[in-house]
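Working notes, beginning with the structure itself.
The values are calculated or read from the model by the stated rules, or taken from the named source; none is laboratory data. Bear in mind the structure is a predicted one, so any value in this text is a computation, not a measurement. Glycine also receives a Cβ, built like all others from the backbone with ideal geometry; neighbour counts cover every protein chain displayed.
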Amino acid sequence: MRFKLLTWPNRITLLRIGLLFILVVLIYDKQFWMRLLASGLSILIIIMDWLDGYLARKLDEKTILGSLLDIAGDRIVEVVLWICLADIRLVPVWIPVVVISRGIFTDTIRGYVLRYGYTAFGQKSMMRTGLGKFLTGSPIMRSGYAVLKAISFSLLLLASAFRKVGIFPQNWVEIALNIGFWVAITTAVVCLIRGLPVIIEGTALIHELDSKVGEKAS
């Protein structure tokens, strides 16, 4: 893998993080059109997550730095948005608590094994089992999780925007909010499930690596 910072995938990742902070401003603007724009921008940010991975493969610009930036970008986006949604009382506060705690565990493990050349995904993935690779790195799980996040963020923001105006009957709006709420719960559960293999297999890998270091030292 080549060391190169400003590849197109990395540019998109950095742009996505920049757009996130614009999104935060829009979320806290109580005007209808700002919240409506926030809903659309949340979808764009999630799509950009898919786009940077697609370009990395298409342009053959896969790098370790790009992989780390992608993971960091994902973590920043989901943590910030979950905190914002909890703060404006659209989701329960335990969701960002679970997402943040899971992220700290998985990122700590991934950061440690990276010192030995193991990456989250790819040819030298830290995942050893087929189930672990499927849950953390398969296209269906990664895409499915992205779709769940997009639906959660956009639907909750969209419904909260329409709650402020009388365009649609309020019972419709409440139904949309309830759907968004339960999709958010599902998203948090999937987030936790995808993190468990990293924690379980990563802990086993760390033990194995530490044993080898101990053998060399003795």
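In this structure, does Val173 turn out to be in contact with a Lys or Arg (Cβ under 6 Å, 6 or more places away or on another chain), modelled with pLDDT under 95 and either buried (at least 16 other Cβ atoms within 10 Å of the Cβ) or farther than 20 Å from Ser125 by Cα (or both)? So Val173 fits the description; yes. Reported count of residues in region 57-67, each being crowded, with 17+ Cβ neighbours inside 10 Å and farther than 13 Å from Ile12 by Cβ, is 3.
Please verify whether region 18-30 includes one or more residues that are closer than 28 Å to Gly180 by Cα and modelled with pLDDT under 85. Within region 18-30, one or more residues are closer than 28 Å to Gly180 by Cα and modelled with pLDDT under 85.
For residues in region 184-210 being buried (at least 19 other Cβ atoms within 10 Å of the Cβ) and closer than 13 Å to Val91 by Cβ, which is nearest to the chain's Cα centre (by Cα)? My answer is Cys191.
Conditions (1) closer than 30 Å to Tyr118 by Cβ; (2) among the aromatic types (Phe, Trp, Tyr), marked per residue:
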position: Leu14; (1), (2): yes, no
position: Ile22; (1), (2): no, no
position: Ile47; (1), (2): yes, no
position: Trp50; (1), (2): yes, yes
position: Leu65; (1), (2): yes, no
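The condition (being of a type in the set (A, V, I, L, M, F, W, C), modelled with pLDDT of 90 or more, out of contact with any strand residue (DSSP E or B) (no Cβ under 7 Å at 6 or more places or on another chain) and not in a helix (DSSP H, G or I)) is satisfied by just one residue among Val91, Val97: Val91.
On inspection, Ile46 does not qualify as closer than 26 Å to Ser160 by Cβ, at pLDDT 95 or above and in contact with a helix residue (DSSP H, G or I) (Cβ under 8 Å, 6 or more places away or on another chain). If you go through region 103-159 and pick out every residue that is in a loop (DSSP other than H, G, I, E, B) and within 29 Å of Leu36 (Cα to Cα), you end up with 0.
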